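Here the structure comes first, spelled out in structure tokens, and everything after it is commentary.
The values are calculated or read from the model by the stated rules, or taken from the named source; none is laboratory data. This one's a predicted model, so the numbers in the text were calculated from it and none came from an experiment. Note that each Cβ is placed from the backbone with ideal geometry, even for glycine, and that neighbours are counted across all protein chains shown.
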Amino acid sequence: MVSFDAGRFSGVIPGALAGGGVFLLGRSGLLPDPVMVGAFLFGGGLIAGLLTRGRVRDGAVAGAVCGVLAALIAAASTTFAANDPSVLSTFAFYALFFTGLLLPYNAIGGAAGRAVRSALQRDGAAGTDEGGGRRGIAVGTAAIVGLALAPGLLTIFTGLAFVSGLLSLLLVVAAPFVGGFIAGYASGGRPKDGLEAGFVAALFGIGPLAFIPLLLTALHDFGFTETFEGMVVIALVYLFTLLGTAGGVAGAFARQSSGEGVGNGGAS
């Protein structure tokens, strides 16, 4: 459903090698932990976006793909260093962990890199994103963050912890789907566009939500993997990505069914 043309993903391999290289330098002690973590999370995606032709959304998707490849490099390195006899299971665990960790931040880095490239070249390529698609992703992202934070705000202002707890369970499912639906509906009537828009909105939405617990636990030798909070955050990344993508496809189908078809947002 996604077009893997060379121009659109031209920055993926360089970005992945850069992200994996930063991880290896950090593990060898040649980079301070805060520098390594920041560069590892965003650097590969930023490079992928800078080298990617197309739209800002293309940069985000390229950054996400770059994140998966960089995660495999980090997982292989960590597995080798662990000297665990269960090589396959250890590699699978770290591959899932690092992929969940890198997906949202490399996607954000990829979008930023593509926007920077467009600004430097003044080629207007990022402007080929039709306004409806861009606005849809922005509004969808805001909806995800807002709905996910609503239970916490309710507890702060009302003290109804039990009610906000029940609301949290509901919104964990509803937030990414609603945000993805908004992004997919605005992107046009094609399922491919809805899939990509929902995917990007979900990653953009989960990024800010996961950042605070990530900072609190991941700055020292990736202890994030050893904490319950860390594993919950990674699980939420996958859940939000799946539900946001599904919401995006549903939004595209809903727009198509409404008779609007592929409108102006379809090229976004």
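Residues that are touching a Phe, Trp or Tyr at 6+ places or on another chain (Cβ under 6 Å), crowded, with 21+ Cβ neighbours inside 10 Å and closer than 21 Å to ALA201 by Cα: does region 106-119 have at least one? Don't jump to the end; show me each part of the working.
Applying the first criterion (touching a Phe, Trp or Tyr at 6+ places or on another chain (Cβ under 6 Å)) to region 106-119 yields 109.
Subset that is crowded, with 21+ Cβ neighbours inside 10 Å: 109.
Right, trim to closer than 21 Å to ALA201 by Cα and you get 109.
Scanning region 106-119, I find at least one residue that is touching a Phe, Trp or Tyr at 6+ places or on another chain (Cβ under 6 Å), crowded, with 21+ Cβ neighbours inside 10 Å and closer than 21 Å to ALA201 by Cα, so the answer is yes.
What are the residue pairs meeting all of these: first residue in region 182-195, first residue in a loop (DSSP other than H, G, I, E, B), second residue hydrophobic (A, V, I, L, M, F, W, C) and modelled with pLDDT of 90 or more, Cβ atoms under 8 Å, and 6 or more apart or on different chains?
GLY188/ALA252; GLY189/ALA252; GLY189/PHE253; ARG190/ALA252
Within region 27-49, identify whether any single residue is modelled with pLDDT under 90, surrounded by 20 or more Cβ atoms within 10 Å (Cβ to Cβ) and polar (S, T, N, Q), and answer yes or no.
Within region 27-49 (the criterion being modelled with pLDDT under 90, surrounded by 20 or more Cβ atoms within 10 Å (Cβ to Cβ) and polar (S, T, N, Q)), the answer is no, since none of the residues qualifies.
So the check is Cβ under 6 Å with 6+ separation or different chains; which pairs have a first residue in region 56-75 that's touching a residue at least 24 places away in the same chain (Cβ under 8 Å) and farther than 16 Å from PHE23 by Cβ and a second one that's outside any helix (DSSP H, G or I) and small (Gly, Ala, Ser)?
Sorted first by the residue in region 56-75, then by its partner, the pairs are ALA62/GLY11.
Looking at ALA70, ALA81, ALA76 in this structure, which one is of a type outside the set (Ser, Thr, Tyr), crowded, with 21+ Cβ neighbours inside 10 Å and either touching a Cys at 6+ places or on another chain (Cβ under 8 Å) or assigned by TED's automatic domain parsing to the domain that holds GLY110 (or both)? Steps first, please.
Working: ALA81 fails: crowded, with 21+ Cβ neighbours inside 10 Å; ALA76 fails: crowded, with 21+ Cβ neighbours inside 10 Å.
Result: ALA70 is the single residue among ALA70, ALA81, ALA76 that is of a type outside the set (Ser, Thr, Tyr), crowded, with 21+ Cβ neighbours inside 10 Å and either touching a Cys at 6+ places or on another chain (Cβ under 8 Å) or assigned by TED's automatic domain parsing to the domain that holds GLY110 (or both).
Taking the options VAL200, VAL178, name whichever one is part of a helix (DSSP H, G or I), buried (at least 24 other Cβ atoms within 10 Å of the Cβ) and modelled with pLDDT of 85 or more.
Being part of a helix (DSSP H, G or I), buried (at least 24 other Cβ atoms within 10 Å of the Cβ) and modelled with pLDDT of 85 or more holds for just one of VAL200, VAL178, which is VAL200.
Just to be sure, is ARG134 under 26 Å from ALA18 (Cβ atoms), at pLDDT below 90 and not small (Gly, Ala, Ser)?
On the way: under 26 Å from ALA18 (Cβ atoms): no; at pLDDT below 90: yes; not small (Gly, Ala, Ser): yes.
For ARG134, the condition - under 26 Å from ALA18 (Cβ atoms), at pLDDT below 90 and not small (Gly, Ala, Ser) - is not met.
Of the residues SER86, SER77, only one is among the small types (Gly, Ala, Ser) and in contact with a Lys or Arg (Cβ under 9 Å, 6 or more places away or on another chain); which?
Working: SER86 fails: in contact with a Lys or Arg (Cβ under 9 Å, 6 or more places away or on another chain).
Exactly one of SER86, SER77 is among the small types (Gly, Ala, Ser) and in contact with a Lys or Arg (Cβ under 9 Å, 6 or more places away or on another chain), namely SER77.
Report whether or not VAL65 is surrounded by fewer than 17 Cβ atoms within 10 Å (Cβ to Cβ) and of a type in the set (Val, Ile, Thr). Walk me through it before giving the result.
Details: surrounded by fewer than 17 Cβ atoms within 10 Å (Cβ to Cβ): no; of a type in the set (Val, Ile, Thr): yes.
Against the criterion (surrounded by fewer than 17 Cβ atoms within 10 Å (Cβ to Cβ) and of a type in the set (Val, Ile, Thr)), VAL65 does not qualify.
Within the set of pairs 6 or more residues apart or between chains, which connect a residue that is assigned by TED's automatic domain parsing to the domain that holds LEU102 and closer than 25 Å to GLY194 by Cβ inside region 227-253 to a residue that is at pLDDT 95 or above and surrounded by fewer than 21 Cβ atoms within 10 Å (Cβ to Cβ) with Cβ atoms less than 7 Å apart?
Sorted first by the residue in region 227-253, then by its partner, the list stays empty.
So for region 94-105 (the condition being surrounded by fewer than 17 Cβ atoms within 10 Å (Cβ to Cβ) and not charged (D, E, K, R)), does at least one residue qualify? Lay out the reasoning, then the answer.
Step one: filter region 94-105 for residues surrounded by fewer than 17 Cβ atoms within 10 Å (Cβ to Cβ), giving 96.
Filter again for not charged (D, E, K, R), leaving 96.
Within region 94-105, one or more residues are surrounded by fewer than 17 Cβ atoms within 10 Å (Cβ to Cβ) and not charged (D, E, K, R).
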